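The next block holds one structure in the form of structure tokens; read it before the comments.
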Amino acid sequence: MFKNLIGRNHPEFSTGGQQDAMEFYQHLLDQIFKAERVGSSRWNEDPGLTSDLFKLELEERLEDTQSKQVQYRKRSDNVLPIFITTDAAVNKEVFEEYEMRKLKRAKKLETGATEDQEELEPVQLQVPFEACLKHFFREREIADFTSPVTKEKGTALTSLRISRFPKYLVVQMMRFQFAEDWTPVKLDVLVETPERLELEQYRGAGIQEGELALPETAASAPPTIVPDAAIVAQLTEMGFSENGAKRAAVATKNAGTEEGMNWVLEHMNDADFNNPIVEQATLEATFKQAINQEHVSNLEAMGFTAMQAEAALGATDGNIERAADWLFSRMDNLDQAIAEMKNSDQQAQEQSAEEHANGLLDGKGSYELVGLISHIGKHTQVGHYVAHVKKSGKWILYNDDHV
């Protein structure tokens, strides 16, 4: 019943197909947010929004190495995405030896040799969780940085900190890397999750005494390049946010998915990576330009109006197949669904403005592990999820109907 209620009218979660746990988490919070906003008029006192309990604020520090001046930028998110750095594995030599023995064994089998074939016990790379954290919060160098002060190209240093800690912290271990054709490949790596997590050492406190602020530049002005819908769709399918994908397309002047992917890997930890790249008024105009008019015409030929077609394409990143599914699945109350979508977008903008005005929740950067979700399977596109939840001091495994 819960799945049917939350997944109703969703192109993926209303089906029995393979689904992504992080996408479901985002969808669940979005549905709760919408319901709470709609029902807020019935509250005598504002109890706050459920989604606020999961929101953290990330702070990016940028230092121009030429002028030594700094800039601090902040953005909110509801998940801390931690990439697994295999360079920090503590058993590299053992793993490499296992890989060599496995390769030799495979060659012998190809030649038909079956005698004296020892059983190989699988070996996984083991990466400490703390090493992944340090990698996420490390200081990185940016090449070809044009100094706003000297107007010359040089380098800059950037790093991330958490300026506001949420009540509940969701951490996503990014257990994948990209193959040569840019398809995601799951990492077979063991990262032991600590039951207590202390993050106060990574707290950001803004500009410090003695630091000089970089002058504001025109870099934040709305771009004139319209993000290519195909590039944006391919990058979002890889698991990156729509805003981040649009930024990649604009930054690379729509050069292609590979160029966009390279940009994403270099800039995904930027403080404004997931922020909209234009103001709303410009966004609406840009969105209309970005819509493929041929797709609109094709949907009109199916009996839908131009407004309905544009709304569906906007809700599905310009993908005409998904747009058609979106429209047909909402035939009974199509106009209402479009109105709710537009209203939700407006409410999200108002909520964002309200957050920046009132500030996010903040607590101690100390957390106790209460649950985790694990993906079982060798590939990112298929597999099975199980959950471990800590209750009364004991860990309980939830595997579909089995507990």
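On a straight-distance basis, which lysines could pair with LYS167 in a cross-link, Cα separation under 18 angstrom, same-chain partners fewer than 8 positions away excluded?
Hits, sequence-local ones excluded: LYS55, LYS364, LYS390.
To the nearest 0.05, what FRET efficiency results for ILE32 and ARG75 with a Förster distance of 22 Å applied to their C-beta separation?
With a Förster radius of 22 Å, E is 0.55.
Just to be sure I understand the model, the point goes 7 Å from the Cα along the line to the Cβ. What's the resulting GLU209 to GLU368 distance in nm?
My value for the distance between the label points is 3.7 nm.
Mind listing which trypsin sites (Lys or Arg not before Pro) in segment 118-151 are in a DSSP loop and have 10 or fewer other Cβ atoms within 10 Å? If you can, show how the numbers build up before the last one.
Values: sites: LYS134, ARG138, ARG140, LYS151; in loops: ARG138, LYS151.
Loop-located and lightly packed - LYS151.
Using modelled amide H (1.01 Å from N, peptide plane; none on Pro or chain starts), what sits under 5 Å from the amide H of LEU214, excluding residues fewer than 5 places away?
VAL70, GLN71
Mind scanning LYS68/LYS246; LYS3/LYS394; LYS74/LYS153 and naming the pairs with a C-alpha gap bigger than 28 Å? Each step should come with its number before you reach the end.
Details: LYS68/LYS246 31 Å; LYS3/LYS394 26 Å; LYS74/LYS153 25 Å.
Correct reply: LYS68/LYS246.
Could you calculate the contour length gain from GLU121 to ARG138, that is, 0.36 nm times the residue separation minus the distance between their Cα atoms, to one decimal place in nm? Walk me through the intermediate numbers first.
On the way: separation 17, 0.36 × 17 = 6.12 nm, distance 3.49 nm.
That pair, GLU121 and ARG138, stretches by 2.6 nm at full extension.
Just so you know, all these numbers are worked out from the coordinates, no wet-lab data involved. Keep in mind it's a predicted model, so treat the numbers as computed, not measured. Positions of Cβ are backbone-derived with ideal geometry, glycine not excepted, and every protein chain shown enters the neighbour counts.
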